[in-house]
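None of the figures in this text is laboratory data; all of them are computed from the coordinates on show. Computed from a predicted structure; not experimentally measured. Cβ coordinates were reconstructed from backbone atoms using ideal geometry, including for glycine residues, and neighbour counts include every protein chain displayed.
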Amino acid sequence: MKVVILAGGFGTRLSEFTSIVPKPMITIGNKPIIEHIMNIYAKYGHNDFYLALGYKAEVIKDYFYKYQILNSDFCINLSTGSIKFYETKAPNWTVSLIDTGNDSMTGGRLLRLKDYLSDGTFLLTYGDAVTSLDINKVIEFHKSHGKLLTVTAVRPSARFGEMKISDENSITSFKEKPQLQEGWINGGFFVAEPGIFDYIINDSSILEREPLEKMSYDNQLMAYKFDGFWQCVDTKRDKDNMDNLIKLKGELW
């Protein structure tokens, strides 16, 4: 199943890092957060990635372009430029790197990938959060209800958008960053059908506003409730906490 990662935002709340690299390339431990995210999906057999790039796209392109060279032992013939790899530590992933515009919003970035995603269910997330979530359980839940979009609902502190969820797990209201009332927020890690593109207008569309609000109104938005580990890198404190977690445990979850 194709995995889309929105990796083009400016990351202004982490400007001490994002003035140099885009937010998904901020390192946690010894590798960028986007690679940690990709490992979450790869753990469950999803290795076909589509990165929606924007701000400092060249940094992410350069990283993956050089990935095999930097993670392998090899011999290079300097006269011909040919390379013989002795041992590679690169994962068996395919990574499509697509520039979706420097100023596009989250919905706009996704809309620009429409031609790549029209052949069936796909996975979608942001480039700044990690989790111990079982991706395949979310997919199973998504297939059970037949709606256009499933969003993973998590319970961190009250500084994100809030969702109201019925007893049947249908999302009845979606509000971006209100006063927290019920405790469930948008944790990303979506499972989506191509029909969601009907709700996105153009580059200026913010996925978390009109598109998701309209889907909830049309009863096309469902929540997968998750109480396990989830952490977004939104501030320097978040980054420091995750760096410390890796130092203590050797992993994030």
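At a Förster radius of 35 Å, what calculated FRET efficiency corresponds to the Cβ-Cβ distance of Tyr44 and Ser204, to the nearest 0.05? Write out the running numbers ahead of the final one.
Numbers: r = 33 Å, r/R0 = 0.95.
The calculated FRET efficiency here is 0.55.
Taking every pair of distinct Cα atoms and averaging 1/r, then inverting, what Kirkwood hydrodynamic radius in Å comes out for the range 36-169? Intermediate values should be presented prior to the final figure.
On the way: mean 1/r = 0.0556 Å⁻¹.
The answer is 18.0 Å.
Under a Cβ-Cβ cut-off of 12 Å, what is the net charge of the residues other than Tyr44 that fall near it, where Lys and Arg count +1 and Asp and Glu count -1?
Details: positive: Lys43, Lys137; negative: Asp134, Glu140.
For residues surrounding Tyr44, the net value is 0.
Could you tell me whether the range 2-249 comes out rounded, prolate or oblate from its Cα gyration tensor? Rule is a ≥ b ≥ c as square roots of the eigenvalues, rounded for a/c under 1.5, then prolate if a/b exceeds b/c, otherwise oblate. Present the calculation step by step, with values, prior to reporting the outcome.
Numbers: a/c = 1.78, a/b = 1.57, b/c = 1.13.
Taking the square roots of the gyration eigenvalues as a ≥ b ≥ c, the range 2-249 is prolate.
Cα-Cα over 24 Å: which of Lys143/Lys239; Lys31/Lys61; Lys56/Lys147; Lys56/Lys84; Lys61/Lys247; Lys31/Lys66?
On the way: Lys143/Lys239 34 Å; Lys31/Lys61 15 Å; Lys56/Lys147 35 Å; Lys56/Lys84 31 Å; Lys61/Lys247 28 Å; Lys31/Lys66 14 Å.
Lys143/Lys239; Lys56/Lys147; Lys56/Lys84; Lys61/Lys247, as the Cα separations exceed 24 Å there.
Relative to the first principal axis of the alpha-carbon coordinates of the chain, what is the inclination of helix 236-249, with its axis defined by its Cα atoms, in degrees from 0 to 90 and to the nearest 10?
70 degrees
In straight Cα distance, which aspartates and glutamates are under 13 Å from Lys164, not counting same-chain residues fewer than 8 positions off?
Excluding near neighbours in sequence, the set is Glu176, Glu182, Glu213.
Over the chain, what is the mean sequence separation of C-alpha contacts under 8 Å (at least six apart), divided by residue count, expressed as relative contact order in percent?
23 percent
Report the one residue of Thr121, Phe174, Trp184 whose Cα lies farthest in the direction of the positive end of the charge dipole of the chain (charges on C-beta: Lys and Arg +1, Asp and Glu -1; origin at the Cα centre).
Selected residue: Trp184.
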